[in-house]
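Reading through the structure tokens given below for one structure.
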Amino acid sequence: MSNNNNSGRPLTLVAADDHRLFLEGLGSLFQRVDGQELVAVCEDGDRLLELVETHRPDIVLLDISMPGASAETIVATLSERYPQTRIVAVTMYLDAALADALFALGLAGYVSKAEAFDELGEAIAALQSGQRYLSPTLGHADNDVGHGGEELLSERELSVLRCAAMGQNNREIAAALKITERTVRFHLNNCCEKLKANNRANAIALAMQKNLIRIG
């Protein structure tokens, strides 16, 4: 991640998540990023409201399912009190209706926790450019798989599957899409589950049969 803040001071962040290991991972991530500083972390919504009052951060990273104040209350409250603070939901709940509701309350970004360490750089850059960010993993209704009510594939899942269909291994796919190999495996596993495939090759074959991906 890079810093696009031209004010000469670090971009400041506060993170709230009730999983200590995830917070530690964020701490390690931002220690390696010039111009961005994780100034405080907490594990519940009530404490987050206090920390934002104290630090007035540029960005809040918010787990939408944790003890204390609800995500809806936090987003609405922070948006009203601190309009310059941008709020990013970091969550395992990839729910389009929930994302829409939170964006309506003032949310600025919606990031998949499974891909957070890959997506946060892109999300923060979007926010600094005055844009919103929506995780590609959330998918879109027009990516519906087949006609039998099967689960949809997200844009990122389709991109990973296309790369795999061209014979790229996990390391090559990760390099091509600028994600980690762990994230590649995550998406391939999701593709197999959604397509009811036994393995990568079977998932590719099924996706091609359904005209979801084309090679050449």
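Assorted remarks:
- With respect to the conditions (1) among the charged types (D, E, K, R); (2) within 20 Å of Gln131 (Cα to Cα); (3) modelled with pLDDT of 90 or more, Glu53 lacks only one, and its number is (2).
So that you can scan it fast, the table gives a plain yes or no per residue for (1) out of contact with any strand residue (DSSP E or B) (no Cβ under 7 Å at 6 or more places or on another chain); (2) at pLDDT below 90; (3) closer than 16 Å to Arg132 by Cα; (4) charged (D, E, K, R):
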| position | (1), (2), (3), (4) |
| --- | --- |
| Pro57 | no, no, no, no |
| Val60 | no, no, yes, no |
| Val75 | no, no, yes, no |
| Leu78 | no, no, no, no |
| Ile87 | no, no, yes, no |
| Ala99 | no, yes, yes, no |
| Phe103 | yes, no, yes, no |
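- Looking across segment 18-42, just one residue is at pLDDT below 95, more than 16 Å from Ile124 (Cα to Cα) and touching a strand residue (DSSP E or B) at 6+ places or on another chain (Cβ under 7 Å), and that is Leu23.
- Of the residues making up segment 86-122, those that are assigned to a strand (DSSP E or B) and of a type in the set (Gly, Ala, Ser) number 3.
- Tally of residues being touching an Asp or Glu at 6+ places or on another chain (Cβ under 7 Å) and farther than 14 Å from Leu127 by Cα across segment 50-94: 7
- Of the criteria (1) in a helix (DSSP H, G or I); (2) surrounded by 18 or more Cβ atoms within 10 Å (Cβ to Cβ); (3) among the small types (Gly, Ala, Ser), which one Ala125 fails: (2)
- Filtered residue count, segment 124-139, keeping only those that are at pLDDT 90 or above and touching a Leu at 6+ places or on another chain (Cβ under 7 Å): 1
- Selection within segment 100-122 - surrounded by fewer than 22 Cβ atoms within 10 Å (Cβ to Cβ) and out of contact with any Phe, Trp or Tyr (no Cβ under 9 Å at 6 or more places or on another chain): Asp100, Ala101, Ala104, Leu105, Gly106, Phe117, Asp118, Gly121
- In segment 82-95, residue surrounded by the most Cβ atoms within 10 Å (Cβ to Cβ) [restricted to those that are touching a residue at least 24 places away in the same chain (Cβ under 8 Å) and more than 13 Å from the chain's Cα centre (by Cα)]: Arg86
The values are calculated or read from the model by the stated rules, or taken from the named source; none is laboratory data. As the structure is a computational prediction, the values presented were derived from the model and not from experiment. Neighbour counts are summed over all protein chains in view; Cβ atoms, including those assigned to glycine, are modelled from backbone coordinates with ideal geometry.
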